[in-house]
Amino acid sequence: MSLVQSPLAPEQAIYRQMVLAGEGWIHEVKQGQTFRIVDLEGNQAADTLFFNAHDYSDRYSAIDTMREQGSLYLTTGTALKTIHGRTLMTIVADTCGRHDTVGGACSMESNMVRYAIEKRSMHACRQTFVQLALEWGEGLEKRDITHNVNFFMNVPVTPAGKLTFEDGVSAPGKYVEMRAEMDTLVLISNCPQLNNPCNAYNPTPVEVLIWDV
Amino acid sequence: MTTDPFVLWEESLPGGSIWSHVFKRGTAVRLTDTMGGANVSVLFYNADNFVERYNMPDTLKSQHTAHLTTGHCLYSDMGRVLASITHDSVGWHDPLVGFSNRASALAQYGEGPYQTLRNGWHTNAHDLIAVELAKYGMNERDFTASVNLFSKVVVEDSGAFRYVLDHSLAGSTVELRSDMNTLMILCTCPHPMAPGVEWAPQPVRLTIKRVPLPAADDACRLSRPENGRGFTLTERYFL
C-alpha cells in the first residue's frame with residue numbers, strides 16, 4: 001500500500017461538515033472541486049454512493065470500477081466509474097491505503113441474515129441511504145441504492161476466494177481525497193453498525209471537506 | 001436426451017445472446033457448457049416485486065466468500081434467497097467483475113454488424129441486458145452485479161485480478177435452484193476479462209426442471225448458519 005498526502009489545507013476548504021455515525025450526507029460536488037472524507041476517530045466506515053449529477057441513471061458501479069482498474073481495492077489513482085464507463089471522480093490522495101467496494105452497506109435485512117433475526121430493528125446504512133434519496137427528491141428512490149464504496153473499510157479477499165472482515169487499516173485522522181471529473185451527487189451513510197468488530201462496536205463521526213480547486 | 005421425469009423442457013442458448021425466464025419457486029435450471037469456455041452472466045430479481053434484487057455484497061459477506069459454488073445462496077437485498085447453487089462441477093463462478101459494454105466489446109472484437117454477420121453479429125452484455133430488462137418495465141437504473149457462471153477471476157494478495165484460462169471444460173454443469181419466483185436474465189456474451197480478439201462466444205444448454213423445496217437437511221441451508229436464517233426469512237415470505 002502506498003500512502004499519498006494531499007497538499008490542501010483544511011483551513012482553505014470552502015465547505016466543512018461533520019457527519020455523525022448513523023447519519024447521512026447528500027451533496028453535489030462540482031467538476032474540478034476536490035472532496036475529502038476524514039476518518040476522525042479511526043476504523044469507521046463511510047458508505048458512499050456517487051451519481052452523475054445530470055443523469056442519476058448513470059451512477060457509480062463497483063463492478064465496472066474494479067474491472068477497469070484490474071484490482072479489488074480502491075486507493076490513489078482509482079477512477080470511480082459509472083455503468084457507462086465514465087469517470088465520476090479520481091482518488092488523488094489517500095493516507096489510509098485501501099478501501100473496499102465489495103462489502104456493500106449494512107441493512108436491517110442483511111443484519112438478520114448475518115447476525116440474528118432479532119437484529120431487525122437496529123439502524124442500518126440502507127435506511128439512511130433511502131431516506132436521504134427520498135428527501136433529495138428528483139426521482140431518486142430505493143432502486144438507485146446500488147453497491148457502494150466503503151471508505152476506510154478493510155475487506156480482504158484471498159487468492160483461494162475467501163472474503164474476510166479485518167480490523168481496519170485506518171486510524172484517527174486518516175483521509176481519502178478525490179477530484180470530481182464531472183458534477184457528481186455524493187450520498188454518504190456514516191455506518192451505524194453495532195454488530196461488527198471492525199469498528200470496535202463503536203461507530204464514530206467523519207468529516208467531509210470540499211475545496212474549489 | 002434426458003430421462004429425468006422432472007425435466008420440464010430443454011433448450012440451447014447460442015453464444016452472444018440474451019434469455020430470461022421467471023423461475024417459479026420449486027424449479028431449477030441446469031446449465032451445461034457444451035463446448036467448453038462458456039460464460040453466462042446472470043442477473044436475478046424477485047419477479048413479484050422487481051425492486052427486490054440480487055445483492056452481490058450481501059451474498060458474499062454473509063457467506064464470507066468471493067467466489068460462488070455448490071452450497072452457496074444468492075441473496076436479495078431483502079435478506080432472502082433468490083436462488084441457490086445445488087450442483088456444480090466447475091467449483092468457481094465469478095461474482096466480482098460484471099459484464100461487457102458497447103465500448104469494451106468494440107475495442108476488443110471490432111465492428112461486427114448484423115448486415116454482414118446476421119445472428120453471428122457482435123453483441124455486448126450491457127445493451128442486451130438493458131433491452132431484456134425493458135421487457136419487464138425496468139431499465140439501466142435496475143442494473144445489478146452479475147454472477148458470471150463458468151468463469152473464474154482470482155484476486156491476488158495485492159488485490160490484482162487474474163482471469164483463469166480454460167476454467168470450464170466441455171460438459172461442465174451448474175444448477176441454480178429458484179427459491180423464490182425469480183426472474184433470471186441470462187447473457188452469453190464473453191466474460192469481460194476473457195482475452196482474445198476473435199468473436200467466439202460459446203453456447204450453453206439449459207435444462208429446466210421441477211425440484212423439491214429445500215428440506216431441513218438441504219446442503220445450502222446447512223452450509224452456514226447465515227443461510228439457515230436466509231431460508232427461514234424466505235419461507236416466511238411465502239406464508
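Since every read-out is calculated from the coordinates, none of them should be taken as a lab result. On a predicted model such as this, the values are computed, not experimentally measured, just so you know. Note: ideal-geometry Cβ built from the backbone for every residue, glycine included; neighbour counts use all protein chains shown.
Worth pointing out:
- For region B:1-74 and region A:1-80, distance of Cα centres in Å: 34 Å
- Global form of chain A, assessed from the alpha-carbon gyration tensor, a/c cut-off 1.5: rounded
- FRET efficiency, 1/(1 + (r/R0)^6) with R0 45 Å, evaluated for B:ASP127 and A:TYR201 via beta carbons: 0.50
- When the charge dipole of region B:7-237 is built from unit charges on Cβ atoms (+1 for Lys and Arg, -1 for Asp and Glu) and taken about the Cα centre, the candidate among B:GLN115, B:LEU183, B:ILE18 whose Cα reaches farthest toward its positive end is B:LEU183.
- Neighbour counts of C-beta atoms inside 10 Å place B:ARG162, B:ARG205 in the sequence B:ARG162, B:ARG205, starting with the fewest.
- Between A:GLN33 and A:ALA180, the built amide H atoms are under 5 Å apart, and every one of these is 5 or more places off in sequence or on another chain.
- For region A:136-213, the relative contact order comes to 21 percent (Cα pairs under 8 Å, sequence separation of at least 6).
- One quarter of the surface of the convex hull around the alpha-carbon atoms of region B:34-167 equals 10.0 nm², the direction-averaged projected area.
- If R0 is 41 Å, the Cβ-Cβ spacing of A:LYS30 and B:ASN49 corresponds to a FRET efficiency of close to 0.65.
- Two-decimal Rg to Rh for region B:7-237 - Kirkwood Rh, Cα set: 0.95
- Fewest-first ordering of B:LYS152, A:LYS30, A:LYS119 by other beta carbons within 10 Å of each residue's beta carbon gives A:LYS30, A:LYS119, B:LYS152.
- Linear extension gain, B:ARG118 paired with B:LEU239, 0.36 nm per residue minus alpha-carbon span: 38.7 nm
- Least to most buried among A:ARG16, B:ARG236 (fewest other Cβ within 10 Å first): B:ARG236, A:ARG16
- Basic side chains Lys and Arg get +1 at the Cβ, acidic Asp and Glu get -1 at the Cβ, and with that the dipole of the protein assembly as shown about its Cα centre reaches some 820 debye.
- Rounded FRET efficiency, nearest 0.05, which uses the C-beta distance separating A:LYS162 from B:ALA215 and R0 of 30 Å: 0.60
- Over region B:7-237, relative contact order from alpha-carbon pairs under 8 Å, at least 6 apart, %: 43 percent
- Multiplying the residue separation of B:THR69 and B:GLU10 by 0.36 nm and subtracting their alpha-carbon distance yields 19.0 nm.
- Plainly put, region A:131-213 has a radius of gyration that is 1.00 times its Kirkwood radius, both from alpha-carbon atoms, as the Rg/Rh ratio.
- Difference of contour (0.36 nm per residue) and Cα-Cα distance, A:ARG120 to A:LEU40: 25.9 nm
- Averaged over the residues of A:140-148, the number of partner chain Cβ atoms lying within 10 Å of the residue Cβ comes to 4.
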